[in-house]
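Worksheet: one structure, shown below.
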Amino acid sequence: MAHAVSTTRAPHEASRRSFLQGDRFQMTAFIAPTCIFLALLTIWPFVYSVYLSVHSVKLTALHRAVFVGFDNYINLLSDSLFLRAMLNTGLLAVTSITFEIVIAFVIAKAFVSLSHLKWVNGLRSLFMIPMMATPLIVGMVFSYVFNPVLGIANYLLSGIGAGPVAWFGDTTAAMISILLINIWQWTPFMMLLIMAGLLSIRSDLYEAARVDGAKWHHVLRFLEIPSIRGIVLLGIILRIIDTLRFFDVVYVTTRGGPGDSTMVLTLYAYQQNFQFFQAGVGSAAAVIILVISIVITTFAVKLLRRIEDE
Amino acid sequence: MNNARLISSISIAALLAASAAAAQETDWKSQLGDHADKTLRVMTITDPFIDSMNAVKDGFTQATGAKVEIDGYGYDALHEKQLLACSQNDGAYDVLLIDGIWIGEFAEAGCLDSVEEKLAENADVFAWDDFTPAGAGQASWEGQRMCLPVGTYYELMYYRTDLFEKAGIKVPETFDELKEAAATFTNNPDFPGVFGYAMNNKRGAAAGQQWFEWIYSAGGKPWVSNEVGSQEPYKDQTPTLNSQESIDLVQFFRDMVAYGPPGVEAFAWDERATAFAAGKLAMINDWSVRAQIANDPQQSQIAGKFKAALMPHKAGGKTVSPVGGWIACVNTHGAQKDAAWDYLKWFASKEIHREFVLEGGPPSRLSAMQDKDVQAKYPWTEVLYEAQKESWFELRPRHPLAFQLIDTVGAQVNKAIIGEKSAKEAMDGAQDDVTRLLEQNGLL
């Protein structure tokens, strides 16, 4: 009897062992934790957001959700404040990233040119400090710096007979102030990328250009820009994603004002979700932000691949 | 007649003295339960009275053995944190101090236990009738007393006595007089570095609350059935945001920008209080709790140089003093409700409230406002007592959409203040926005 059992068990165990040692099982086992992690922390919240976005529901009464179809999306896309927030976010992305690239290139070039000097390394580290600071703290610091009565910015301006400036009190000045803060904080990041790109250019190429009589703008146009454009595009992608979730500084300094001049998408979604507890509208706004991010990122990644292929 | 009055005054004084003496002798150990080894957690705003709460909390520990931890958060963060915790049935905090205007939102989300039963059991200790009527009104919702109004504020106007003496002008009582006085101090070489007035102009809640705080004194009202003293203020919520009184008021806000410091269009509570304490403003209106900051020589350059007055009103009208502040409630999801109720019984009592007020807390009881020691320490308390007589607790909406509605109005008011829209265009916009919001949420 025992013998019979062992003979039937043996092939079963052998087949189990071979299954456990098989590629298919091992691949599944290695991938499973990541899939579970993504499903729980990314896919499920996203699916739930989409579910909420087609309901009229308050965050404090989720059990009283009423299905409204695409009403929340239609209302959002006809809401002048939401459209203004989209426009402001786009403006902020284009303007700040453009300035960041130009300023970062100049500074990176200076650091590369002076890299033989010992003290330059220390200076480069100091230059990184703004991007290490928490954006919320940056916002608070600048709300003091740009305080029209007691702030140091107007105090310094008064020293040269200028100002005072209503940094956050005027629609144009407020947007420029937000841009300045954003550029100040994130130029070091772009500088770091560009510097890495510049340092990767072989010195013999510079030498060859010099021998060929190339001027600085020839070097810039035919050697440096082609060499760094891949890494700059990567930087642009990361900064666009950053700008789409730009929130803290606006939240602390202007709350989207004066008027609607500095309202951005994330602040709008935050207000709907966590100040007004309108989870349906807030989720619809979040889904739209996600779709915009995916479209831009997909386009940019394709562009990046094309550049790499070239 | 005079003799009768004298006798009745002496009797009342004797009664008050006797009750004060009795209050001082309260044996809290017998009044409260034993909560040794418990830690009671209180969540509140980081307004100046949090220090006063901390200053008196050891008394509760001595009486019950329970430790008291008081955590403070900023205004928006507190609202967000308390409501989110409630939606998740979170009982981490036993006592919640909420803004009086949030009560509808919290009551309808099922976050609070009603205080009615406890009041009936301990009527003498809770002494409900001693709370200012407007404060008591704020702590009630749909006919039920839900919380205890321990941190009631009234909005007053503060003015620099030294500057007014030098200018030789009277304290303004009407909007026109306020404009004139503000103009006197602005860009005047006799008052270098001083501006006349700074209003709460920042986009959103700041400008929105300002509109609600001033509208009754401007002769208007926020919606149809919300008359001062109305028994059914929410019966007809059709907004009246673009009434002539409202448009005139918003135009007045716009005009006042000329008498503020540069950037005043983005000023909210903190910027105004800081500028006043720094001696840059001749006048501001602010919640009574912030007078402490201006009167603290450590933080202020104008300590002892200012006085309070009632808020100004439209010529021919009268001041309806804005009421606000914080009400203490028991978290319905809390696990230590006995200790929480005992804490409120103790903290809201006349005796401890007086201690709390003498430590800098906002006087919320009539007895505290009339207390000679309190009046001597905080001279504006007498004006506060006058302000509470003509106040209306439904001045700002208190229903579940209050936060969003105030923000919506504030966005439009701010557009008029910065000149992006005329006062009429802005308030027509506010009327449309608020009507749509109320309709979408079934309130119209």
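Per this entry, A:Ile294 is not counted among residues that are touching a helix residue (DSSP H, G or I) at 6+ places or on another chain (Cβ under 7 Å), more than 29 Å from B:Gly104 (Cβ to Cβ), assigned by TED's automatic domain parsing to the domain that holds A:Leu199 and modelled with pLDDT of 90 or more. Looking across segment B:220-276, the residues that are out of contact with any Gly (no Cβ under 6 Å at 6 or more places or on another chain), within 14 Å of chain A (Cβ to nearest Cβ) and without any contact (Cβ under 8 Å) to a residue 12 or more places away in the chain come down to B:Pro262, B:Asp270, B:Thr274. For segment A:120-157, residues that are within 11 Å of another protein chain (Cβ to nearest Cβ), at pLDDT 90 or above and farther than 22 Å from A:Val264 by Cα total 4.
Highlighted here are the helices (runs of 4 or more DSSP H) found entirely within segment A:70-148 that include at least 2 residues which are in contact (Cβ under 8 Å) with a residue 40 or more places away in the chain and among the aromatic types (Phe, Trp, Tyr): A:80-113.
Listed here are the residues, each with its yes/no results for (1) over 22 Å from the mean Cα position of the chain (by Cα); (2) in a loop (DSSP other than H, G, I, E, B); (3) modelled with pLDDT of 95 or more.
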site	(1), (2), (3)
B:Gly193	yes, yes, no
B:Trp211	no, no, yes
B:Lys221	no, yes, yes
B:Ser225	yes, yes, yes
B:Leu249	no, no, yes
B:Val257	yes, no, yes
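Please verify whether segment B:102-109 includes one or more residues that are part of a loop (DSSP other than H, G, I, E, B), within 21 Å of B:Leu401 (Cα to Cα) and in contact with a helix residue (DSSP H, G or I) (Cβ under 9 Å, 6 or more places away or on another chain). Yes, segment B:102-109 contains at least one residue that is part of a loop (DSSP other than H, G, I, E, B), within 21 Å of B:Leu401 (Cα to Cα) and in contact with a helix residue (DSSP H, G or I) (Cβ under 9 Å, 6 or more places away or on another chain). Scanning segment B:71-114 for residues that are among the hydroxyl-bearing types (Ser, Thr, Tyr) and either touching a His at 6+ places or on another chain (Cβ under 8 Å) or within 11 Å of another protein chain (Cβ to nearest Cβ) (or both), we see that the one that is nearest to B:His333 (Cα to Cα) is B:Ser87. Applying a threshold of 7 Å to beta carbon distances and a minimum spacing of six or more residues, or different chains, the list of pairs starting in segment B:426-444 at a residue that is without any contact (Cβ under 8 Å) to a residue 24 or more places away in the chain and within 14 Å of A:Asp79 (Cα to Cα) and ending at one that is assigned to a helix (DSSP H, G or I) and among the β-branched types (Val, Ile, Thr) is empty.
Return the residues of segment B:241-262 that are more than 17 Å from B:Asn414 (Cβ to Cβ) and out of contact with any strand residue (DSSP E or B) (no Cβ under 6 Å at 6 or more places or on another chain); say none if nothing qualifies. Of everything in segment B:241-262, those that are more than 17 Å from B:Asn414 (Cβ to Cβ) and out of contact with any strand residue (DSSP E or B) (no Cβ under 6 Å at 6 or more places or on another chain) turn out to be B:Ser243, B:Gln244, B:Glu245, B:Asp248. Take the conditions (1) under 23 Å from B:Asn200 (Cα atoms); (2) within 13 Å of chain B (Cβ to nearest Cβ); A:Val249 misses just one of them, which is (2).
Checking B:Gly100, B:Gly110, B:Gly59, B:Gly104 one by one, the residue that is buried (at least 21 other Cβ atoms within 10 Å of the Cβ) and in contact (Cβ under 8 Å) with a residue 40 or more places away in the chain is B:Gly100 and no other.
How many of the residues making up segment B:25-53 are more than 31 Å from the chain's Cα centre (by Cα) and in contact (Cβ under 8 Å) with a residue 60 or more places away in the chain? Total meeting the criteria: 3. Screening A:Ala104 with (1) under 30 Å from B:Gln88 (Cα atoms); (2) in contact with a Pro (Cβ under 8 Å, 6 or more places away or on another chain) gives one miss only, at (1). For B:Gly360, the conditions (1) in contact (Cβ under 8 Å) with a residue 60 or more places away in the chain; (2) at negative phi are fulfilled apart from (2). Selection of segment A:35-91 for residues being hydroxyl-bearing (Ser, Thr, Tyr), within 14 Å of another protein chain (Cβ to nearest Cβ) and loosely packed, with under 14 Cβ neighbours inside 10 Å yields A:Ser78, A:Ser80.
Suppose we keep only residues that are in contact with a Phe, Trp or Tyr (Cβ under 8 Å, 6 or more places away or on another chain) and among the basic types (Lys, Arg) within segment B:293-344. Which one would you say is surrounded by the fewest Cβ atoms within 10 Å (Cβ to Cβ)? Of everything passing the filter in segment B:293-344, B:Lys307 is surrounded by the fewest Cβ atoms within 10 Å (Cβ to Cβ). State which residue is nearest to B:Lys415 (Cα to Cα) when the search covers only segment A:163-189 and only residues that are outside any loop (DSSP other than H, G, I, E, B), without any contact (Cβ under 8 Å) to a residue 12 or more places away in the chain and within 14 Å of another protein chain (Cβ to nearest Cβ). Per the criteria, the residue is A:Ala173. For segment B:391-435, the candidate set comprises residues that are in contact with a Leu (Cβ under 8 Å, 6 or more places away or on another chain), over 26 Å from B:Leu310 (Cα atoms) and of a type in the set (Val, Ile, Thr); within that set, the residue that is nearest to the other protein chains (Cβ to nearest Cβ) is B:Thr408.
A residue that is at pLDDT 95 or above, assigned by TED's automatic domain parsing to the domain that holds A:Asp248 and of a type in the set (S, T, N, Q) occurs somewhere in segment A:97-112.
The values are calculated or read from the model by the stated rules, or taken from the named source; none is laboratory data. Everything quoted here is computed from the prediction, not taken from an experiment. Note that each Cβ is placed from the backbone with ideal geometry, even for glycine, and that neighbours are counted across all protein chains shown.
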